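Read the figures in this text as sums done on the coordinates, not as results from a lab. Since this is a predicted model, take the numbers as computed values, not measurements. For neighbour counting, all protein chains shown are included, and Cβ atoms are generated from backbone atoms with ideal geometry for every residue, glycine included.
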Amino acid sequence: MKSSPSLGVMLWRGLFRRCPHCGDRRAFFAKWFVRRERCAGCGLRWERNYEGFMLGAMAISFITTGGSLLLTMAIGVIASYPDVVLWPVLGSTVAVTLLVGVFGYPISYTLWQAVDLHLRPVAEDDGEDHGRAVVN
Ligand SMILES: [Zn+2]
């Protein structure tokens, strides 16, 4: 069975919502928010029989959303210092947070998948190369 690329390559692929393992653009999503059970490219299973997978993805989502919130607020405050324009800064912070939180949702999954694949390399029962023919 083919092993995964380096963590850097997998994170890069995850950042663009691609499958960290094979780099397939369709990866785990049928549409932006609609996920598949397996990667369309390599057949890798979504959660790989791991109960805590969703929790890790939520943590990534929380970090990226919170990070962009702080960054936007900091840029707004620094750009308009010392006369901080409260409402435009608050408005853009809320907008960026919603944008990252909502549209970054699938990306948090592929990013976490990259970390997860690095920590737990692909195993026989992860479904790689078996496609949809496998029935449990
Ligand atoms: Zn794949």
Footprinting exposure proxy for 50, 105 (fewest neighbouring C-beta atoms within 10 Å first)
50, 105
Please report how far the C-alpha centroid of segment 44-59 lies from that of segment 62-87, rounded to the nearest whole angstrom.
32
Using the Cα atoms of the chain, I'd like the radius of gyration and the largest Cα-Cα distance, Dmax, both in angstrom.
18.0, 63
Of every Cα-Cα pair in segment 1-68, the percent that sits beyond 18 Å
42
Proxy exposure order for 34, 100, 115, 84 (fewest C-beta within 10 Å first) is 34, 84, 115, 100
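Order by neighbour count: 53, 28, 33, fewest other Cβ atoms within 10 Å first, most last.
Lowest count first: 33, 53, 28.
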Looking only at trypsin sites (Lys or Arg not before Pro) in DSSP loops with at most 11 other Cβ atoms within 10 Å, what is the longest site-free stretch of the chain?
32-136
